[in-house]
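Since the structure comes first, as structure tokens, the remarks are kept for the end.
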Amino acid sequence: MKISTTFSILLLVASANCLSHGVVEDQSSTVIQSVSSIVSFAPVGQSFVPQHDRLSAVELQMSDGGGFPVTAEVKLVLRKDTISGEIVGESAPVFLEDCFNRPEPPGCGIGGGPTVPVKFIFSPSLTLAAGSTYTFEIFSIVAASVNVGMSYNDEYGNGSAILNGVPQGR
């Protein structure tokens, strides 16, 4: 099975002249067919080619991998070119309580369930070179079982998913 350009990725990019008008969506991919663990398949990421020159947020579809009541702490590390490229910036950490994607209360210890949007904020926004390749890595600060939504088809044509540090497909 060919995996390509996976993660349900929503890049919210604000160009310098649009900041007063809010955030402008640069690109997105919303088809989710599976989830993958960000710890078991680390480093996990997604390459992309922005059309705008500022990055303010990235929204991913994520779920609790479950099994035990642990709060996860994750962030995105943005790099030039590849998953091992020069670091451009990091998002603010996001805290995900156990069962964050489920109707049960925090600490339920149940994994799985639907993915939910998780927004990673870059503040201040990062300056990018429109048309150049960048890669974000989903980094687990506090190791816990967290999954990211993925697609196994060419749903997103501007980059590739990265599992175990290796670009998938293409």
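Criterion first (under 28 Å from Pro124 (Cβ atoms), among the β-branched types (Val, Ile, Thr), at pLDDT 90 or above and open to solvent by 20 Å² or more (accessible area, probe 1.4 Å)) does Val49 satisfy it? Yes; evaluated as a whole, the condition is true for this residue. Evaluating Pro117 against the criteria (1) within 13 Å of the chain's Cα centre (by Cα); (2) of a type outside the set (A, V, I, L, M); (3) open to solvent by less than 20 Å² (accessible area, probe 1.4 Å) leaves one unmet condition, (3).
When the residues of the stretch 31-44 are narrowed to those that are in a loop (DSSP other than H, G, I, E, B) and in contact (Cβ under 8 Å) with a residue 60 or more places away in the chain, which ends up nearest to Thr135 (Cα to Cα)? I'd like the intermediate steps shown before the answer.
First pass over the stretch 31-44, keeping only residues in a loop (DSSP other than H, G, I, E, B): 31-33, 38-43.
Remaining after also requiring in contact (Cβ under 8 Å) with a residue 60 or more places away in the chain: 31-33, 38-39, 41-43.
Numbers: Val31: 20, Ile32: 20, Gln33: 21, Ile38: 15, Val39: 17, Phe41: 16, Ala42: 14, Pro43: 11 Å.
So the residue we want is Pro43.
All told, Val77 falls short of being assigned to a strand (DSSP E or B), touching a strand residue (DSSP E or B) at 6+ places or on another chain (Cβ under 7 Å), aliphatic (A, V, I, L, M) and under 18 Å from Met150 (Cα atoms). For the stretch 66-98, how many residues are touching a Gly at 6+ places or on another chain (Cβ under 7 Å) and buried (at least 16 other Cβ atoms within 10 Å of the Cβ)? Selection size over the stretch 66-98: 5.
Would you call Leu128 more than 15 Å from Ser36 (Cα to Cα), open to solvent by less than 20 Å² (accessible area, probe 1.4 Å), of a type outside the set (Phe, Trp, Tyr) and out of contact with any Ser or Thr (no Cβ under 9 Å at 6 or more places or on another chain)? It would help to see each step written out before you state the result.
Values: more than 15 Å from Ser36 (Cα to Cα): yes; open to solvent by less than 20 Å² (accessible area, probe 1.4 Å): yes; of a type outside the set (Phe, Trp, Tyr): yes; out of contact with any Ser or Thr (no Cβ under 9 Å at 6 or more places or on another chain): yes.
Yes; evaluated as a whole, the condition is true for this residue.
Checked against (1) of a type in the set (Val, Ile, Thr); (2) at pLDDT 95 or above; (3) in a loop (DSSP other than H, G, I, E, B), Val88 passes all but condition (3). Of the residues Ser123, Ser151, the single one that is surrounded by fewer than 17 Cβ atoms within 10 Å (Cβ to Cβ), within 24 Å of Asp26 (Cβ to Cβ), more than 12 Å from the chain's Cα centre (by Cα) and modelled with pLDDT under 95 is Ser123. Return yes or no: is Asn158 part of a loop (DSSP other than H, G, I, E, B) and closer than 19 Å to Gln27 by Cα? Yes, satisfied.
Taking the stated definitions as given, is Thr82 over 18 Å from Ile162 (Cβ atoms) and polar (S, T, N, Q)? Here the answer is no, as Thr82 does not meet what is asked.
The values are calculated or read from the model by the stated rules, or taken from the named source; none is laboratory data. Remember, it's a predicted structure, so these values are computed and weren't measured experimentally. Counting neighbours? That spans all protein chains shown, and the Cβs are built from the backbone with ideal geometry, glycine included. Each accessible area value is taken on the protein alone, full model and side chains, heavy atoms only, with ligands, DNA and RNA left out. Shrake-Rupley method; radii C 1.70, N 1.55, O 1.52, S 1.80 Å.
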